[in-house]
Amino acid sequence: MMLRSVEGRYVMRSLEELAKKALELKERGMSTYEIADELKVQADTVVWLLLHGKDGVKTRDAYDVYVNWNPIGSSVRRLTLVGRAMADIVREAVEQNLMEEPEVVAGIEAGGMALGLIVARSLGKPVASVRPQRLGEKKVAGAVNPSFSTVEGKKVLIVDTILRMGETIRAAIETLQSVKAKPVGVTVLANKSGKDSIEGVPVRSLMELLPVAKQPHS
């Protein structure tokens, strides 16, 4: 009973912190969809977080998952180890003919770039930077940052942190295809989507977060 009580306080504290973060982003002028991108949760989860704690608002059955990877992202050593593990998964996929060997590694701005650099170094490939853009409620093709490696005519591995619904990766694929690059794979830290490919491009992740059942009420 003591353990359950301690865990309960921890979960509630984390939920309060997440709701506070969502409110802070809203006060900065970010839209619901922009906040969803930032927190890597669904848009209606953002709405619920913004209402959390207000009178008359009831807790709904949870179906979304927030991935707090700050303990990894805040440590160069841990980030490096995770990036190397992601690169190893890509090597395995290439060896098993599940993915073509990439010629360039493209990190998605902004969070995906740190992991992209490490994955590129581990694979011995040049690094590129892809920046999809948001148009209203949708993510659409954006641009390839000219300060990094070119991707034209190259086979490209896309790197990001959390795969939520796939719209950011899809926009990154369209961005690369628009400059005649060939996306051959995607690797992410955590996959919340349940997808093993997007637009025919194989996806590999360190973790898959898949809801299988609702938690019973205690």
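The values are calculated or read from the model by the stated rules, or taken from the named source; none is laboratory data. None of these values were measured; they are calculated from a predicted model. FYI the Cβ positions are ideal-geometry reconstructions off the backbone, even for glycines, and counts take in every protein chain you see. Only protein heavy atoms, including side chains, enter the accessible area calculation; ligands, DNA and RNA are left aside. Shrake-Rupley method; radii C 1.70, N 1.55, O 1.52, S 1.80 Å.
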What's the total number of residues in region 66-79 that are buried (at least 17 other Cβ atoms within 10 Å of the Cβ) and either without any contact (Cβ under 8 Å) to a residue 40 or more places away in the chain or basic (Lys, Arg) (or both)? 1
Within region 165-209, tally of residues that are of a type in the set (D, E, K, R), assigned to a strand (DSSP E or B) and within 23 Å of residue 136 (Cα to Cα): 0
Working only within region 49-64, note down all residues that are at pLDDT below 75 and out of contact with any helix residue (DSSP H, G or I) (no Cβ under 6 Å at 6 or more places or on another chain). 53, 54, 55, 56, 58, 59, 60, 61, 62, 63
Name the single residue, out of those in region 174-218 being of a type in the set (Gly, Ala, Ser) and surrounded by fewer than 21 Cβ atoms within 10 Å (Cβ to Cβ), that is modelled with the lowest pLDDT. 218
Residues of region 24-46 being among the aliphatic types (A, V, I, L, M), open to solvent by less than 30 Å² (accessible area, probe 1.4 Å) and more than 13 Å from residue 68 (Cβ to Cβ), in sequence order, are 25, 35, 36, 43, 46
Which residue is farthest from residue 151 (Cα to Cα), if the candidates are limited to region 85-136 and must be of a type in the set (S, T, N, Q), surrounded by fewer than 16 Cβ atoms within 10 Å (Cβ to Cβ) and more than 16 Å from the chain's Cα centre (by Cα)? 96
Subset of region 118-141 that is in a strand (DSSP E or B) and charged (D, E, K, R) - its residue that is modelled with the highest pLDDT: 131
When residue 21 is evaluated against the numbered criteria (1) at pLDDT below 85; (2) open to solvent by 40 Å² or more (accessible area, probe 1.4 Å); (3) under 30 Å from residue 120 (Cα atoms), which criterion, by number, is the only one it fails? (3)
